[in-house]
Structures are given as structure tokens and as C-alpha cells.
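Some notes on the structure that comes next.
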Amino acid sequence: MSDITRIKERINFCIQGELWEQLPRFLNELHPADIAEIINHASIGDQNTLFDLIDQDIKPDVLAELDHQAEADVLEELTDVQISHLVEEMPPDLAADLLGDLEDDQREEILELMQDQESEEVRELLKYDEETAGGIMTSDFVAVSADMTAAQAIAHIGSLELEEPVYFAYVVSTTGHLQGYIQLWELLKTTHLQQPLSTLAVKDTISVQTDTDQEEVARTASKYDLSSLPVLDLNGILVGRITVDDIIDVIEEEASEDIFKLAGSSDSELEYSSPLHACKARLPWLMITLFAGFVSSLILKQFIDHHIIALSFFVPIIMAMGGNTGIQSSTLIIRGLAVGSIDERGLSKLLLRELAAGALMGIMCGTIIGIWSVFMVGANSEIPAIYLAFTVGTSLFAAMTFAAVFGAFAPLVLNRLKADPAVASGPFVTASNDILALLIYYGVTVGLILLRTQLLGA
């Protein structure tokens, strides 16, 4: 058992026994992230007590690590003056994230209570959408003039007070435009001390703009293996940087968001225990499914009205196979769009691939279910076995082929319309494919029955 695990067990024991006087010495041995984890899982009343017991100098770090609901519960018990003191000790980007969750009036009051420099930095970050590069960047970065020598740059960097560690110095012009970057260890080489930074800087610098979507930021950092990304305003002036920890948070957030959307829900459900909130988040998507069920029942009724009882046995299989095929295709497309591996120039080729894959799987599965239908129903069917097998097999083939194309097409259309393609999956694609699978099945059935009737009549 690790020391951290042992300390956490002691803390939980103290909480359960309400041995509050013993908690500070255990809590302050932990990393702020571990303390935040304990507070996140504590009851609301205990959350505030635990936060009060930790040392003042680590409270800002712990507050920054709390989840949204625990953070809101803790802040509710603090005065605006107390919050302003905590926020002043945070890095600007974390301070902006925290204040961005507050009501406008309270946020403004806290900003007024803060020191001018810290307040101005946070105000600047709050101007940007929280899901853009501007919203996740920090204004805490090192910039040096291209006219400086390496020795002058070292002296300048040594005079700065920084909230976070830095490994790069960004080289800028006198107007603040990004010229390149230089790694700090390069500055320390004795052979470089008298050289101007304009000759040492790496010129081909990968950067993003303040309005770049955070998902695109994460893709860029992953593609070029970057630990830090400079952020430029619309005029090309360096205004901030995005660090690797923020990039990891974005990747986790976007992945979680897509997973929840695939299920027709949202990550906010993790923060609230209210059944009403859960119902509000899930019900709209379930209503789509329910409506699809109404339409499906009307189509299924036609089978019964036509006394085609044997064919109704295979409805669940055809609906399930069509729905699953569609989900497989949509999931692959959504993933490709998320990581940037899908090129719009190759969309026609992509759709043809899904068409071919759906058709191939449909042929194999249609053949199997056709054979199975003969063994299952046999002579008890009101229609000959060969017609039954052909009807069921052809319907499954058509349903799976169409579902594969539709499952790929829906996310692509939504992406083209600048909507989140993740919403095309889950209930929407499944419900659509259920209806279409039944329509195909019924259409093929009626068509073959009419054809058989005409042939027998002739």
C-alpha cells in the first residue's frame, strides 16, 4: 500500500469519526490534486470543513483542482474578499476559469477587489470563448526582443516573476509580433551569449490564434508533438501560450463530451445527483427514440394486417443489425473528424468504401439469416420457404447497406453545417435506421408478394 493511499484512508477515517482536529496534519501532506479529490467525494457540509482545514498557501491550488460542483459549493461559503485573495494567487488562466463560472455581478465585484495587474490579466482572458485557444491560454509567458543578445535575454528572464515553469522564450519584434522561439538551454550556452536572438531563434514556429477551437488546438499540439503553443491575436501579436497540461485537459474534455453525446446525455450528469436533472438531460433524445418506436409499430402493424406472421419473427434482427451497422460507421467517421484524419477531398471515396463494406456485410449476414429462416419456420410458413428466405435475406442486405452509408453521411453533413457531429450518433442514427430498416423490410416483402401473386396469376 502506497503512502498516499494510507494517508487517504486515515483522512476518511477521521471524516467518518468527525475527528476534525487530526485532519490538518494529514491533509497538508498530500498534493493539492489529491486533497481536491478527497473534497470532491465528500458531502457538501464536509467539503467546506475540509477546505477550511488546509493551509492557506495551498488553498488556491486545491480550489483550481476541484470539479465544478465542489468548487461551487466551496465558493458559496466564502466571501468575495476571500475569493479575491485566492484568485490573486492563481495563474491567470485558472483564475479566469474559476471566475467565468460565477454570476456577472459577483465576478465583477471580485475583479474590483483584486490588484490592478492581476485583475487586468484575468479580464483580458475572460473576453474569449472558453472553448477557444484564447479561453484556455495563459498570459503568463516569456517574451524577449529579437534585438537582445542571449546574455541580455538571460538577465531579463531572471528578473521575471512567473507563476508557472517555462522552457521556451518567445522572440518578438518591437511591435510584439512573434518572430520565433528559443529553448532556454540554448541561451545558456557560452558560445551563444553575445549572439543576437534573431540569429538563434527557431523561425518556423507553430502557433494558433485566439479564436481557434480548443479541439483544433489539441490536434495541432498532438500532430507536431508540442509541449507549448504560442497564441496570437488577429493581428499576429503574441498574447499568450497554451501548456501541455491544458492540452491534456482539452483532450479529456472533448473525449468525454463525445462519449456522452453518443449516449444522448451530457457530462453535467456527473456533477448532479438530482433525478430531475438526469431526466432533463436524457429525455429529449429518448423522445426521438420513442417517436421512432411509434413509426416502427405502424409499419409492423402492416405485417400483422397482411397476416405475414412468419416475417414478423425477423423484425428485431433486421432492426438491430441495421442500427448497429449505422453506429459502427458513424463512430468511425466521428473519430476521424475528431483527430483530423478525414480529408473533405476524399469524402466520395469514403462513402463508397462504407457502401461497399455495408453491402459485403449485408450479403454475408443476409445469406445466413435466409438459411436460418428456412430452418426456423419451415413448412409452417404461410409463404414458401424460398420466398421467405429471399425476402428476409434481401431485406437485411438492403438495411445494412443503407445503414452503413447513412451512418457515415450524417456526421459528415453535420460537420459541414458546423454542428457537432457527435450528436448524429446514438439515438438519432439508431432511431432513423430502425424506421428505414422496417420500411425496407416491408417494402421488399410487399414487392415480392405482389410479384409472386402476378406470377401465380399468370
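Counting only residues that are assigned to a loop (DSSP other than H, G, I, E, B) and free of Cβ contacts under 8 Å to residues at least 40 places away in the same chain, the range 177-211 holds 7 of them. Using the structure shown, decide if residue 228 is closer than 18 Å to residue 139 by Cβ and touching a Phe, Trp or Tyr at 6+ places or on another chain (Cβ under 7 Å). So residue 228 fits the description; yes. Take the conditions (1) closer than 29 Å to residue 251 by Cα; (2) in contact with a strand residue (DSSP E or B) (Cβ under 6 Å, 6 or more places away or on another chain); residue 166 misses just one of them, which is (2).
Every condition in (1) modelled with pLDDT of 90 or more; (2) not in a strand (DSSP E or B) holds for residue 241 except the one numbered (2). State which residue is surrounded by the fewest Cβ atoms within 10 Å (Cβ to Cβ) when the search covers only the range 177-195 and only residues that are farther than 30 Å from residue 61 by Cα and at pLDDT 90 or above. Of everything passing the filter in the range 177-195, 177 is surrounded by the fewest Cβ atoms within 10 Å (Cβ to Cβ). Before we move on, is residue 155 assigned to a helix (DSSP H, G or I), assigned by TED's automatic domain parsing to the domain that holds residue 250 and touching a helix residue (DSSP H, G or I) at 6+ places or on another chain (Cβ under 9 Å)? Spelling it out, it is not the case that residue 155 is assigned to a helix (DSSP H, G or I), assigned by TED's automatic domain parsing to the domain that holds residue 250 and touching a helix residue (DSSP H, G or I) at 6+ places or on another chain (Cβ under 9 Å). Evaluated against (1) exposed (fewer than 14 other Cβ atoms within 10 Å of the Cβ); (2) modelled with pLDDT of 85 or more, residue 63 falls short on exactly one condition, (1). Within the range 165-215, the residues that satisfy the criterion of being of a type outside the set (A, V, I, L, M, F, W, C) and within 29 Å of the chain's Cα centre (by Cα) are 165, 167, 205, 207, 209, 210, 211, 212, 213, 214, 215. A single entry from 88, 118, 71, 112 fulfils the requirement of being over 26 Å from residue 55 (Cβ atoms), outside the structural domain of residue 201 (by TED's automatic domain parsing) and among the charged types (D, E, K, R): 112. When restricted to residues that are within 21 Å of residue 240 (Cα to Cα) and part of a helix (DSSP H, G or I), the range 84-118 contains 15. When the helices (runs of 4 or more DSSP H) confined to the range 1-81 are screened for residues that are of a type outside the set (A, V, I, L, M, F, W, C), those reaching at least 3 such residues are found at 3-16, 32-40, 44-53, 59-65, 68-76.
Could you please find all residues in the range 208-227 being crowded, with 18+ Cβ neighbours inside 10 Å and either in contact with a helix residue (DSSP H, G or I) (Cβ under 6 Å, 6 or more places away or on another chain) or of a type in the set (Ser, Thr, Tyr) (or both)? The answer is 208, 210, 212, 214, 215, 217, 218, 220, 221. Does at least one position in the range 119-135 carry a residue that is small (Gly, Ala, Ser), under 19 Å from residue 243 (Cβ atoms), free of Cβ contacts under 8 Å to residues at least 60 places away in the same chain and part of a helix (DSSP H, G or I)? Checking the range 119-135: not a single residue is small (Gly, Ala, Ser), under 19 Å from residue 243 (Cβ atoms), free of Cβ contacts under 8 Å to residues at least 60 places away in the same chain and part of a helix (DSSP H, G or I).
The values are calculated or read from the model by the stated rules, or taken from the named source; none is laboratory data. Everything numeric in this text was worked out from a predicted model, so none of it was measured. As a convention, Cβ positions derive from the backbone with ideal geometry for all residues, glycine included, and neighbour counts pool all protein chains shown.
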